[in-house]
């Protein structure tokens, strides 16, 4: 039975601030899941802590709201135990790039077939507006007593360096582009990062919806605002690695684009490489039927409720009489 | 005892010797001690053999085989008359104070003992003193023998030097008047995959055996005689037993971050990741078994990955020691809050901080019981020997799934790294009990009764139906926040009270449903007899002390706690309340179990027998301490100090 986006809504009251960028992300997710014809039981949304952490409660799919910075390992464990699951991680920028940075990087080394979406708004909203790891150096958002003296981390560049095989950026108020990016990220075979720029109307008074839409800089001729973001695909940019020998060149090109910020912010797919084996492929090299008979599908007991394992071979190695 | 620098083959030499003794039909216990170092620092392996089962080491050594001068200095005073020492005469000129890896405490003590007796301070004089004490000394010129072997196989001495560690084994077998073929068989088993290396080692052992027979003659006070072994036996280490128990218990996903002494278990699992299934079972005929082992980026990932796997209905665990468990505290709390049946195997070592990374301790009982903020239900299960490690490792998964809570299987370095002979373990009687886990059919049935699936449904027992992620027909939510029955955030005070009660009352169920035979091992007849209470690895030493006391006409009981949390207060009190005296034996400073007993039962322990020097308890020191306590001699709190 084909489901509509509204079928992926839960009945839980949504307590995000009015006009929060998270709403766009949630809508895009619900549309993407419907358009991909996924069933709720197949999908698991893992989240960390913060406003983004509440996302799973608002979606009618499996929702695992974990610890601060730890959504990646929870998702990794579930996905490796049952590779049939569609594992989607929804984390904040502080969650994934601050307290969870170690997991963010390590996930790239494994390249598990999962999707990691970062709600990137430059602030810690739920604790009242402290600087997050993606807030640019020198900015003083509303909640800060003085300008930020730490430099920003670049999630796109970091993901490229860490080995993510799909790296993209979306914008939460461009839901149509965002849901298409989500679909691509979910369909990608390997670990996908989708960095989602998202205004925080309450605490980030610099990177606002108006700022992203360029309302402060109207076009000289038409008088219409010129948005600060642009779509990579409209510039003829090709993110896809078609053969392994062009991997480095494609990473370099994506790195160069990842440095663009301020008045020209790229949105779209920076890099995609499906030629790198997934972690599941690598496990299958050792355990041949791993994907057909993963840990979650195995019979561990006999019909009589006894251990299904025969340890004779191992006991033989240890046997002394 | 075999000792030498790390990297010089102490471990493999000792394992060959131990196996050869096993082939002689004897029971073997091995105790392995090593520094936190890759190469060069001192390590030793103590092997005890007997015609009946042995479960601990002794304080003294019969035969000391040394790979370097340092071993001689460190262990000379453990050798008791009529013992012997095998050494290279090249060590004799070594000045004790100039051995760079010898700690000053040992060098000072050794030289001052020699000076008191009018000796100088070389290793040669240390040996002279040993001879005066009636100890046999067996000089073996290792390099000369290596050259002889090199000539025989037509290789350079540098290659033949790889067999140096088996020279002492060959010599030992001559001195102990045992069958050299047993040693050859053990070498074959250890180097089975590399026949040319095996052959060279066998030659080395035989050359040394012949040399010793020619030069040392017979008459050593101890002999190693063959007996007929009864039944099929295995010789294994504690961390192998845990790994095997996990496989038998259905564990199919294991995570770990490298840490001593836990990592060996995970590596053993990975080396055996493809499993055989029980033959003759129709349901298993067309399927396979395997375990996925993941080395994680840290222990935070290790616990949380295992918990993630558990949500899919997989039996999953992680293994660590104290420093890793400290990092896991947060994840443990989440598992408790979400009633996730994850198993944590916790090998304690000397603590706090990095502590004694390769040494033994039982410092973390309180920590295992209380780690993580807040109150939630968990089970802490402690095994006392390697066989228990196996069966408890399997049992832990049943507990976790039946009661839907994290289970900490609390072990220690002594159990992890000691080795022992046992009758081959029986897997056919290991039960798989999954509690309220729903398969797809079970979920459909539930959905005929209920309007929706609720992961945290309030039930009379407190246990809710548990559907794995990915089951058609249902979705569920988990959260570290307080939640309602569906798993959504809920801060309502009435809900909070109900949910706290739901989770915590499961501990009462644990106490009620786990049989006393799984909670407590009680060794004794009369409940009025003076009773030792203990937990974990001291079990072997206490049992042997009990046997020796019994031979002298003195009775004691041993109450060994296995289920420590929730504490089996009623069963415990019933077994000890009439005891004339209660003595607590454990490997920490403060007597943590004694404190817990007082907290949970009001029973005050009469005597504390403690040890915290990083070395496991020997039966001799435990025997002495218990005898002192029974005689009312010495302090109420005795601290044991044996071990090098």
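The values are calculated or read from the model by the stated rules, or taken from the named source; none is laboratory data. Here the structure is a predicted model, which is why all the values come from computation and not from measurement. Note that we place each Cβ from the backbone using ideal geometry, even for glycine, and neighbour counts take in every protein chain shown.
Considering every residue within segment A:307-321, establish whether at least one is surrounded by 17 or more Cβ atoms within 10 Å (Cβ to Cβ), in contact with a strand residue (DSSP E or B) (Cβ under 8 Å, 6 or more places away or on another chain) and more than 14 Å from chain B (Cβ to nearest Cβ). Looking for residues that are surrounded by 17 or more Cβ atoms within 10 Å (Cβ to Cβ), in contact with a strand residue (DSSP E or B) (Cβ under 8 Å, 6 or more places away or on another chain) and more than 14 Å from chain B (Cβ to nearest Cβ), one finds none in segment A:307-321, hence no. Among the residues of segment B:284-309, write down those that are part of a strand (DSSP E or B) and within 8 Å of chain A (Cβ to nearest Cβ). Residues satisfying the conditions are B:289, B:290, B:292, B:294. The residues in segment A:207-235 that are in contact (Cβ under 8 Å) with a residue 60 or more places away in the chain and over 26 Å from residue A:254 (Cβ atoms) can be counted, and the count is 1.
Residues of segment A:50-68 that are more than 8 Å from every other protein chain (Cβ to nearest Cβ) and over 13 Å from the mean Cα position of the chain (by Cα): A:50, A:51, A:58, A:59, A:68. Would you confirm, using the coordinates I've provided, whether residue B:396 is more than 16 Å from the chain's Cα centre (by Cα), modelled with pLDDT of 95 or more, within 29 Å of residue B:31 (Cβ to Cβ) and surrounded by 24 or more Cβ atoms within 10 Å (Cβ to Cβ)? For residue B:396, the condition - more than 16 Å from the chain's Cα centre (by Cα), modelled with pLDDT of 95 or more, within 29 Å of residue B:31 (Cβ to Cβ) and surrounded by 24 or more Cβ atoms within 10 Å (Cβ to Cβ) - is met. Applying the criterion of at least 1 residues that are crowded, with 19+ Cβ neighbours inside 10 Å, within 31 Å of the chain's Cα centre (by Cα) and touching a residue at least 24 places away in the same chain (Cβ under 8 Å) to the helices (runs of 4 or more DSSP H) found wholly in segment B:57-149 leaves B:69-75, B:104-116.
Within segment A:292-306, the residues that satisfy the criterion of being surrounded by fewer than 21 Cβ atoms within 10 Å (Cβ to Cβ), more than 7 Å from chain B (Cβ to nearest Cβ) and within 41 Å of the chain's Cα centre (by Cα) are A:292, A:297. Among the conditions (1) under 22 Å from residue B:394 (Cβ atoms); (2) away from chain A (no Cβ under 11 Å), residue B:349 misses just one, which is (1). Could you list all residues from segment A:31-49 that are surrounded by fewer than 23 Cβ atoms within 10 Å (Cβ to Cβ) and away from every other protein chain (no Cβ under 14 Å)? The answer is A:31, A:34, A:35, A:36, A:37. Note on segment A:1-14: residues that are under 22 Å from the mean Cα position of the chain (by Cα) and within 23 Å of residue A:124 (Cβ to Cβ) amount to 1. Filtering B:596, B:603, B:626, B:609 for residues that are assigned to a strand (DSSP E or B) and either in the same structural domain as residue B:78 (by TED's automatic domain parsing) or surrounded by 17 or more Cβ atoms within 10 Å (Cβ to Cβ) (or both) leaves a single hit, B:609. The residues on offer are B:26, B:102, and the sole one that is touching a helix residue (DSSP H, G or I) at 6+ places or on another chain (Cβ under 8 Å), outside the structural domain of residue B:415 (by TED's automatic domain parsing) and modelled with pLDDT of 95 or more is B:102.
Any residue at all in segment B:163-181 that's surrounded by fewer than 22 Cβ atoms within 10 Å (Cβ to Cβ), more than 15 Å from residue B:21 (Cα to Cα) and more than 30 Å from the chain's Cα centre (by Cα)? No, that holds for no residue. Within segment B:319-331, being more than 10 Å from chain A (Cβ to nearest Cβ) and either surrounded by fewer than 24 Cβ atoms within 10 Å (Cβ to Cβ) or assigned to a strand (DSSP E or B) (or both) holds for B:319, B:320, B:321, B:323, B:326, B:327, B:329.
Residues that are within 14 Å of another protein chain (Cβ to nearest Cβ) number at least 1 in the following helices (runs of 4 or more DSSP H) confined to segment B:383-494: B:386-403, B:440-449.
Annotation note: Cβ proximity below 6 Å between a residue of segment B:363-382 that is under 15 Å from residue B:340 (Cα atoms) and a residue that is in a loop (DSSP other than H, G, I, E, B) (sequence gap 6+ or interchain) occurs for B:377/B:405; B:378/B:405; B:378/B:406. Taking the criterion of being closer than 20 Å to residue B:317 by Cβ and in a helix (DSSP H, G or I), would at least one residue in segment A:83-90 satisfy it? No, every residue in segment A:83-90 fails to be closer than 20 Å to residue B:317 by Cβ and in a helix (DSSP H, G or I).
Could you look through segment B:267-283, keep only residues that are modelled with pLDDT of 90 or more and at the interface with chain A (Cβ under 7 Å from one of its Cβ atoms), and pick out the one that is nearest to residue B:237 (Cα to Cα)? Per the stated criteria, the residue is B:272.
Here A:102, A:98, A:108 are screened, and the one residue that is at the interface with chain B (Cβ under 9 Å from one of its Cβ atoms), assigned to a helix (DSSP H, G or I) and surrounded by fewer than 24 Cβ atoms within 10 Å (Cβ to Cβ) is A:102.
Answer yes or no: is there a residue in segment B:248-255 that is at pLDDT 95 or above and either in a helix (DSSP H, G or I) or away from every other protein chain (no Cβ under 14 Å) (or both). Yes, some residue in segment B:248-255 is at pLDDT 95 or above and either in a helix (DSSP H, G or I) or away from every other protein chain (no Cβ under 14 Å) (or both).
Condition check ((1) over 18 Å from the mean Cα position of the chain (by Cα); (2) closer than 27 Å to residue A:296 by Cβ) across all residues:
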{"position": "B:279", "(1), (2)": "yes, yes"}
{"position": "B:291", "(1), (2)": "yes, yes"}
{"position": "B:296", "(1), (2)": "yes, yes"}
{"position": "B:328", "(1), (2)": "yes, yes"}
{"position": "B:351", "(1), (2)": "no, no"}
{"position": "B:363", "(1), (2)": "no, no"}
{"position": "B:367", "(1), (2)": "yes, no"}
